[in-house]
Amino acid sequence: MVMQQLSAIFKRDMLLAFRQRSELLQPILFFVLVIALFPLGVGPGPELLQKMGAGVIWIATLLSALLGLERLFRDDFADGSLEQQMLSDCPLSLYALIKMFSHWLVSIVPVLVVSPLLAVFLNLTVDMYWALVLTLLIGSPLLSLIGGIGVALTVGLRKGGVLLSLLLLPLFVPLLIFATAAVDAAALQLPNTGQLALLAALLLLALGLAPLATAYALKVSQS
Amino acid sequence: MWKWLHPYAKTEKVYGLCQTLLPWFALPALLCLTTGLIWGLAFAPADYQQGDAARIMYIHVPSAILSMSTYAAMAIAALVGMVWQIRTADMAVAAIAPVGAIMTFIALFTGAVWGKPMWGTWWVWDARLTSELILLFMYLGVMALYHAFDDKQQGAKAAGVLALVGVINLPIIHYSVEWWNTLHQGASLMKLGKPSIEADMLWPLLLSLLGFVLTIATLVMLTLQNEIIRRELHRPWVQKLAQGKS
């Protein structure tokens, strides 16, 4: 019964996302544009770009994830289906988890798809590129998970947008540091399993706690 | 066992408690802070390497230590508010956040002033400086979230959730930046075993640390009282209080 409900929510989210294709494309375009700004801003030197590459890609990922995050619970909150969800027997934390997962699929996985292009833009080596893809794979679900808590806290506010970034960006600091450290280690041909393991540990921790915190935050926002 | 605590879920009781405790904290705070700081800034021996510039530590070290502890206190209040649904604990979260933010700012500012003559720069992206800066952002985030809500009760609960998420994240941030880069000197006071600081300098430092603790407690009680008054304006006891005093 619960599984049925969850898969229905998931299907509806996917359907909504693919009906509005332009909205689906916007975060990717934003992402590519932000990356393209960096060589223009700091100069096109290949070595400099290579050095900054991982950090730039991660920061652009953070920003484009934030763009999509705002919508995570907003529509459900506005049309009252969130309230219905709370009344149903389906646990709210699982509902939150499904919503976060579909956010990840819709607004972060495309980033992974265009990442080879960016590796060329920023002159990354093959080793760095694979390390980057690994960190994005392990680390980017954290953006949706931690982001979900922030969105749930601000969903009832009319002017939530800037506030959301203000709340979330400090929380993303460890993610950024470990991810770029893993890519840097790969650039020097050093083992980077330690940083990747830490990222994975953070992911597991967030996977366990973030849905519960989000559910509680949604209840606070709805009351 | 915990029954004696239950009355303190009422705002009136907490206001009264703050009122009785206030002089017991405010006067010793003034005493400790003035003696500790005058002793440290004027009479304690100068550092053999850094000279008189190191005297700023009598302000910098207590505020830096306590900026973290204040966050812990805020998170405990948030947890109490969340688990037992005690309104006054949520109010305490809102009252502690600005005090903690000010402590963090003092630590950052005095650190920058100390860093200029010693390291030759106001700011470096060092582990402790970065994590202190992020701590400041977390305090500001809690305050911003609280003030964004029109319904203050809801706002205080939301701010509590954020404070708790932050407390899980704080050690992670702390260690991540520590492994990332470091220039700041190691701990000389807060470590196991004997502190690596001369007794002539240790005593004024401990005294001003105690002074800072008491000052923070005083400030928190005052802001909590203000918070209670502001949110309970419609209650008869607040109106009676206002009429009696004015």
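What the table below lists for this structure:
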{"read-out": "Evaluation of B:TYR8 against (1) open to solvent by 60 Å² or more (accessible area, probe 1.4 Å); (2) under 17 Å from B:LEU210 (Cβ atoms) (one fails), failing number", "value": "(2)"}
{"read-out": "Condition met for B:ALA64 (in contact (Cβ under 8 Å) with a residue 60 or more places away in the chain, farther than 30 Å from B:ASP200 by Cα and touching a helix residue (DSSP H, G or I) at 6+ places or on another chain (Cβ under 6 Å))", "value": "no"}
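The values are calculated or read from the model by the stated rules, or taken from the named source; none is laboratory data. Since we're looking at a predicted model, the values are computed, not measured. Quick reminder, even Gly has a Cβ in these numbers, built from the backbone with ideal geometry, and neighbours come from all protein chains shown. For the accessible areas, the whole protein counts, side chains as well, though only heavy atoms, and no ligand, DNA or RNA atoms are used. Shrake-Rupley method; radii C 1.70, N 1.55, O 1.52, S 1.80 Å.
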